[in-house]
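The values are calculated or read from the model by the stated rules, or taken from the named source; none is laboratory data. None of these values were measured; they are calculated from a predicted model. Backbone-built Cβ (ideal geometry, glycine too); neighbour counts: all protein chains shown. Calculation scope for accessible area: heavy atoms of the full protein, side chains included, ligands and nucleic acids excluded. Shrake-Rupley method; radii C 1.70, N 1.55, O 1.52, S 1.80 Å.
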Amino acid sequence: MVQNKADQERKQDVKDLINALNEDLAREYQAIIAYTVYSNVLKGAQWMSIAAELKKHAAQELQHALIVADQIDYLGGMPTATPKPVKLSDKAEDMIRFDLDNETETIRNYRQRVKQAEAVGHFALAEQLRTIISQEQEHQHDLTTALGIDVPDVFREGA
């Protein structure tokens, strides 16, 4: 009976992980769309280098989406096909800030996902997520550099 309860709890934990990964996947889709649109509509000499960087970010976000979708499938779930909404603006700085906010949220969520993956014994998933986090932090740094601001704090819940 105890074994059965533990198995049920683990199954629920895996379902919760799948649901959370689908939220992450929707956020990756959002990032792909945002980076693609923003990189094409940014105007002005001061934004040209960041526009080129955003195109690179879009390609990396696609790789992240493929990894996350593969892991959802591996865990027995169905990857979502719906992105989170993309914010638009006529102002370049607003678009970069939207990206920065999304990256910061993504990093925080993936840090939580690493803990969830390890809690259910999916250590390979946790390592893949750590690699994604590293790239997301590079994106965050690129965006804060373009805006001339400090990197937002993502370490409140521990490393």
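Summary table
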{"read-out": "Where 89, 49, 134, 39 fall by accessible area, highest first, once all protein chains stay in place (1.4 Å)", "value": "49, 134, 89, 39"}
{"read-out": "Dipole magnitude of the range 1-84 about its Cα centre (Cβ charges: Lys, Arg +1; Asp, Glu -1), debye to nearest 20", "value": "260 debye"}
{"read-out": "In Å², nearest 10: area of residue 48 left accessible to a 1.4 Å probe", "value": "90 Å²"}
{"read-out": "Ordering of 115-124, 60-69, 23-32 by packing [mean C-beta count within 10 Å, highest first]", "value": "23-32, 60-69, 115-124"}
{"read-out": "Aspartates and glutamates whose Cα lies under 17 Å from that of residue 15, excluding same-chain neighbours fewer than 8 positions away", "value": "7, 23, 24, 70, 73, 118"}
{"read-out": "Cross-link partners of residue 56 among lysines (Cα-Cα below 29 Å; sequence separation of 8 or more within a chain)", "value": "43, 84, 87, 91, 115"}
{"read-out": "Segment residue 118-residue 130, extension gain: residue separation times 0.36 nm, minus the distance between their alpha carbons", "value": "3.2 nm"}
{"read-out": "Between the range 85-159 and the range 23-57, the Cα center-to-center distance that results, in Å", "value": "14 Å"}
{"read-out": "Helical contribution to [θ] at 222 nm, DSSP H n ≥ 4, -39,500 (n - 2.57), averaged over the chain, rounded to 500", "value": "-27500 deg cm²/dmol"}
{"read-out": "Cα-centred dipole magnitude for the chain, charges only on beta-carbon of K, R (+1) and D, E (-1), debye, nearest 20", "value": "200 debye"}
{"read-out": "Span-rule helices in the chain, defined as complete DSSP H runs reaching 20 Å or more along the axis (Cα) with Kyte mean at least 0.0", "value": "48-74"}
{"read-out": "Chain lengthening between residue 141 and residue 87 when straightened (0.36 nm per residue, less Cα-Cα)", "value": "17.4 nm"}
{"read-out": "Cα-based shape type of the range 70-126, given that a ≥ b ≥ c are square roots of the gyration tensor eigenvalues and the cut on a/c is 1.5", "value": "oblate"}
{"read-out": "In range of the label at residue 63: residues from the range 131-155 whose backbone nitrogen is under 15 Å from the point 7 Å along Cα→Cβ", "value": "131-140"}
